[in-house]
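Each value in this text was obtained by applying a stated rule to the coordinates, not by laboratory testing. These figures come from a predicted structure and were not determined experimentally. Cβ placement follows ideal geometry from the backbone for every residue including glycine, while neighbour counts extend to all protein chains displayed.
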Amino acid sequence: MISQEKAVEYKIETVPLTLEIAKHYSRMATLKGDRDPDTDKGKKRVAWLYGTLIGGMFHSPIWSTVQIVSEKGKKYRVDGGHSSVMLTQSGSYFPEGLSVTIRNFRAPDIDTAIDLYEQFNRKHSTRTTTDLIKNRSAYEGLLDDMAPTSIDNIISGIACHIRLWNPTAEIEKLDFIRPQSEFIKWAYSFAGNKKMRKAGVMAAVFSTWVKNRSAAEIFWPMVNEETGKTPDCPTRVLAKFLQNICIDKTIKWTSVAIYVKCHRAWNAWRDEKTTSLKYHKRCALPEPK
């Protein structure tokens, strides 16, 4: 959760389902990052709902709105976008005799509204992790318009780092998006590189960035771009290792092994030494220098 506050359901109303109501809710303002019914994925969802309507399996829907106090009571739709759009496009198949239940919530601010948005239908995967990342990142200026898959790679790395040091930690990786937005923005250029986006690598990137940001901003671009001056430069050695494990699928390296090897390269580079990236299953996690 982003906010310690909670949205309050202040009114529930059930009314006859009409085309006018469907049009009204399909046109309502939505939170930034909400799923767009006009995208390819959105159209597939609308088409699937239309199929349930034709097959007689579409039932009285439940839609939800949230009124945000900090925005002078502005109201947003937080659930029901695809079904309301489908109904406006259903033509002669518009269902007769159904009702719609409208749940009205009130939230003190946008963070609380985002928490409310994330509650709907999550277990049924109608809102994917990508949807939730888009929603949160859209309200963080540094991350607006960034690809959610790349953000997911980065926050998965942060979660990996924390779990390696504290295996019993209860983690919701989405909660890293806003407090770690500065790191995510910086690491974003790496997240699209196949050899860099593995959880163990991103975990090490985060670990070293926290330890020494200025050094990390030199070291990791060198690994990413393979620009070390000599073949035995730890950045080149690590880059070669990461490239090889992307190519050779027969060798499986765990996230912890990759994490340790990344730190071996980092510490050697910091000490101006060379390294063979040694790893043993029983070795302790290395602290970054």
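Quick look at the numbers
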{"read-out": "Y10 paired with I251, simple spin-label distance in nm, labels 7 Å along Cα-to-beta-carbon", "value": "6.2"}
{"read-out": "Sparse-neighbourhood loop sites, GluC sites (Glu not before Pro) in region 75-176 - DSSP loop, at most 10 other Cβ within 10 angstrom", "value": "E96, E170, E172"}
{"read-out": "Least to most buried among E217, E20 (fewest other Cβ within 10 Å first)", "value": "E20, E217"}
{"read-out": "Trypsin sites (Lys or Arg not before Pro) within region 1-34: DSSP coil, no more than 16 neighbouring Cβ in 10 Å", "value": "K6, R27, K32"}
{"read-out": "Helix 181-191 vs. the chain, principal-axis angle (Cα, 0 to 90°, nearest 10)", "value": "70"}
{"read-out": "Fully extended contour minus Cα-Cα distance, from E170 to A284, at 0.36 nm per residue", "value": "38.8 nm"}
{"read-out": "Relative exposure of I251, I184, I21, judged by other C-beta atoms within 10 Å (fewest first)", "value": "I251, I21, I184"}
{"read-out": "Length added when fully stretched, A147-A215, from 0.36 nm per residue minus Cα-Cα", "value": "21.9 nm"}
{"read-out": "K75 versus T274: modelled label distance in nm, points set 7 Å from Cα along the beta carbon direction", "value": "7.1"}
{"read-out": "Cα centroid separation - region 223-238 against region 63-82, whole Å", "value": "51"}
{"read-out": "Calculated SAXS-style log₁₀ I(q)/I(0) at q = 0.07, 0.08, 0.10 Å⁻¹ - the chain, Debye, Cα scatterers", "value": "-0.38, -0.47, -0.66"}
{"read-out": "Helix-only CD estimate at 222 nm, as mean residue ellipticity for the chain, using -39500 (n - 2.57) per DSSP H run (n ≥ 4)", "value": "-14500 deg cm²/dmol"}
{"read-out": "Where labels lie 7 Å past Cα in the beta-carbon direction, separation of Q243 and E226 in nm", "value": "0.1"}
{"read-out": "Mean-position separation - Cα centroids, region 144-192 and region 252-271, in angstrom", "value": "19"}
{"read-out": "Of the trypsin sites (Lys or Arg not before Pro) in region 62-102, those whose Cβ has at most 10 other Cβ within 10 Å and which sit in DSSP loop", "value": "K72"}
{"read-out": "Summed residue charge, Cβ within 13 Å of K185's Cβ, Lys/Arg positive, Asp/Glu negative", "value": "-3"}
{"read-out": "Phi to ³J(HN,Hα) by Karplus 6.51 cos²θ - 1.76 cosθ + 1.60 over region 134-143, Hz, x for Gly, Pro", "value": "4, 5, 5, 5, 5, 9, 10, x, 5, 10"}
